[in-house]
Amino acid sequence: MGMTMTQKILAAHAGLENVQAGQLILAKLDLVLGNDITSPVAIKEFSKLNKNGVFDKDKVTMVMDHFAPNKDIKAAEQCKMCRDFCGANEVTHFYDVGEMGIEHALLPEKGLVSAGYTVIGADSHTCTYGALGAFSTGVGSTDMACGMAIGKAWFKVPSAIKFNLTGKLRKYVSGKDVILHIIGKIGVDGALYRSMEFTGEGLDSLSMADRLCIANMAIEAGAKNGIFEVDQITLDYIKSHGGAEPQIFKADEDAVYDEVIDINLSEIEPTVSFPHLPENAKTFDEIGDIKIDQVVIGSCTNGRLEDLIEAAEIMKDRKCAKGVRVIVIPATQQIYLDAMEMGLLKIFIESGAVVSTPTCGPCLGGYMGILAAGERAVATTNRNFVGRMGHVESEIYLASPATAAASAVTGKITSPWEVK
């Protein structure tokens with residue numbers, strides 16, 4: 001019986017010739033990730049294991065991104081615990097204010113993930129790295145602690161859904177629209193504990209930013225992981241970012257999938273997910289006149305340079321609508337610098353937006369853009385649950401950077417096709 005991409009990676013890391021869906025395995029890890037919220041719990045659990053240091057100081061990383069720069073005393077104490085732990089254990093890849101970025105944008109940029117890797121992170125959106133042909137998944141802080149200690153983790157091998165992509169995306173349609181369309185199609189539990197595997201000729205039209213966005217939101221369909229077939233775009237990205245030699249795992253011809261779903265990218269339209277679930281996806285023929293109070297362009301889903309370029313193209317020489325707060329958050333310091341040198345920050349500021357240092361900030365209701373009761377936001381983030389970005393009576397509409405930018409200048413949820 002053939003194996004999927006995910007199953008092949010897991011088999012190789014477990015030292016097995018073959019694995020099947022449902023099988024329990026112990027697999028070696030190439031990277032263990034934590035952030036300033038989840039790492040302190042893992043550190044406390046790690047201390048109970050009486051280990052003399054982490055299993056490999058080059059394969060553990062912590063990124064201070066959720067409440068950093070610190071928003072209050074508690075946040076400062078959590079970051080200090082991470083800082084002290086990484087210093088004591090000589091962790092190579094510790095990223096603090098000035099060096100840090102939003103973790104799932106930063107790690108690929110730093111070349112810390114390569115094709116064929118097995119990665120766990122105490123953050124649900126660790127599935128982002130499947131864009132690079134890696135098996136990556138979110139775990140709890142206790143699993144992170146064990147991973148830091150022994151460099152291994154237990155997994156139940158997932159079954160898979162194959163997404164066969166054809167066609168080519170149209171102007172101002174991006175990976176965000178694709179994944180919102182898919183989640184709208186299959187639901188928030190449509191891929192529950194399964195691998196979402198992306199392949200097909202349509203991959204040629206998806207940039208790495210598109211793929212990272214799509215893989216990032218696999219968890220919003222309940223998936224164990226999302227993963228893309230490795231192609232030249234993948235290999236070029238890994239090489240340009242100094243990643244390790246890629247190991248390419250292709251699905252067998254006779255790989256078993258629970259289902260195969262065909263997606264014609266040419267038919268995807270700008271899509272918005274309405275409150276309070278990502279599956280509430282609508283295209284603009286279903287959307288009426290919905291006024292908004294805030295726009296957030298950023299996050300581990302859509303804070304990359306390509307996202308900022310697209311937003312700036314729409315906002316250039318336009319003003320943000322009166323009464324609409326627009327917050328732009330470049331995902332890493334390098335993206336911030338590149339955006340500055342390209343003049344993008346000038347465009348945003350002149351339009352009336354504010355530009356923040358890299359941070360998760362408002363995405364999880366942390367800071368830098370919390371919503372009051374009755375307020376509505378269009379956000380390029382990944383979740384629109386009740387109370388996710390503030391008051392339980394606020395509303396979040398998930399959208400692409402292009403749609404968010406168009407909405408910023410009109411003051412209501414607007415298709416980028418209407419503005420340009």
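The values are calculated or read from the model by the stated rules, or taken from the named source; none is laboratory data. What you are looking at is a predicted structure, and each value in this text was computed from that prediction instead of being measured. All Cβ positions, even for glycine, are placed from backbone atoms using ideal geometry, and neighbour counts span all protein chains on display. Note: accessible area is taken over every heavy atom of the protein model, side chains too, but ligands, DNA and RNA are not part of it. Shrake-Rupley method; radii C 1.70, N 1.55, O 1.52, S 1.80 Å.
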Handout entry: Peptides ranked, highest mean first, by Cβ atoms within 10 Å: ranges 154-163, 357-366
Key = 357-366, 154-163
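With a/c under 1.5 counting as rounded, go ahead and sort the stretch 324-363 into rounded, prolate or oblate using the C-alpha gyration tensor (a ≥ b ≥ c being the square roots of the eigenvalues; past the cut-off, prolate if a/b is larger than b/c, else oblate). Let's see the in-between values first.
On the way: a/c = 3.42, a/b = 1.03, b/c = 3.34.
Here the stretch 324-363 falls in the oblate category.
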Problem - Potential extension, residue 99-residue 20 segment - 0.36 nm per residue separation minus Cα distance - result: 24.3 nm
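Mean residue ellipticity at 222 nm from the helices of the chain, using -39,500 (n - 2.57) per DSSP H segment of n ≥ 4 over the full residue count, to the nearest 500 deg cm²/dmol? Walk me through the numbers on the way to the answer.
Details: 14 runs with 128 residues, N = 420.
Rounded to the nearest 500, the figure is -8500 deg cm²/dmol.
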Practice task
Return the tail of the calculated pair distribution for the stretch 216-282, meaning the percent of Cα-Cα pairs more than 16 Å apart.
Solution key: 70
Fill in the blank from the handout: The alpha-carbon pair-distance distribution computed for the stretch 241-316, with 5 angstrom bins and whole-percent values, is 3, 8, 10, 17, 18, 15, 12, 9, 5, 3, 0
Practice task
Report the residue, chosen from 180, 371, 26, that carries the largest GNM mean-square fluctuation when the chain is represented by alpha-carbon nodes joined by springs under 10 Å.
Solution key: 26
Exercise for the section: Output ³J(HN,Hα) for the stretch 400-410: one whole-Hz value per residue in order, computed from phi by the Karplus curve 6.51 cos²θ - 1.76 cosθ + 1.60 with θ = phi - 60°, and x for Gly and Pro. Expected result: 6, x, 5, 5, 4, 5, 4, 5, 4, 8, 9
Handout entry: For the stretch 1-118: rounded, prolate or oblate by the Cα gyration tensor [a/c cutoff 1.5]
Key = prolate
Handout entry: Set 171/291; 51/156; 8/239; 71/168; 156/250 screened for pairs whose C-alpha atoms are more than 31 Å apart
Key = 71/168
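Within the accessible area of the stretch 187-231, what % is carbon and sulfur when the probe is 1.4 Å and the other protein chains stay in place? Could the numbers behind the result be given before it?
Numbers: 520 of 1040 Å².
Carbon and sulfur atoms account for 49 percent of the accessible area of the stretch 187-231.
Just need the relative contact order of the chain here, percent rounded to a whole number, with Cα pairs under 8 Å and 6+ apart. It would help to have the intermediate numbers written out before the result.
Details: 1069 pairs, mean separation 73.6, N = 420.
Relative contact order here is 18 percent.
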Practice task
Quickly work out the residue 350-to-residue 245 label distance, labels modelled 7 Å from Cα along the C-beta direction, and quote it in nm with one decimal.
Solution key: 4.9
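Using square roots of five times the C-alpha gyration tensor eigenvalues, list the equivalent-ellipsoid semi-axes of the stretch 141-259 in whole Å, biggest first. Let's see the in-between values first.
Working: eigenvalues 116, 78, 47 Å².
Semi-axis lengths for the stretch 141-259 are 24, 20, 15 Å.
Across the stretch 318-420, how large is the tail of the calculated P(r) beyond 23 Å, expressed as a percent of all Cα pairs? Can you show the working numbers first?
Values: 1281 of 5253 pairs.
The share of Cα pairs beyond 23 Å in the stretch 318-420 comes to 24 percent.
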Problem - Amide H within-cut-off set for residue 259, under 5 Å, with H built and near neighbours excluded - result: 162
Completion exercise
Taking the stretch 234-387, the equivalent ellipsoid from its C-alpha gyration tensor has semi-axes in Å, biggest first, of 30, 24, 16
Exercise for the section: Give the residues of the stretch 278-319 whose amide nitrogen is closer than 16 Å to a point set 7 Å from the Cα of residue 372 in the direction of its Cβ. Expected result: 292-295
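Normalised radius of gyration for the chain, please: alpha carbon Rg relative to 2.2 N^0.38 Å, two decimal places. Numbers along the way, then the final one.
On the way: Rg = 20.4 Å, N = 420, 2.2 N^0.38 = 21.8 Å.
Cα-based Rg divided by the globular estimate yields 0.93.
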Completion exercise
Of 197, 286, 395, the most mobile residue in a GNM of the chain (C-alpha springs, cutoff 10 Å) is 286
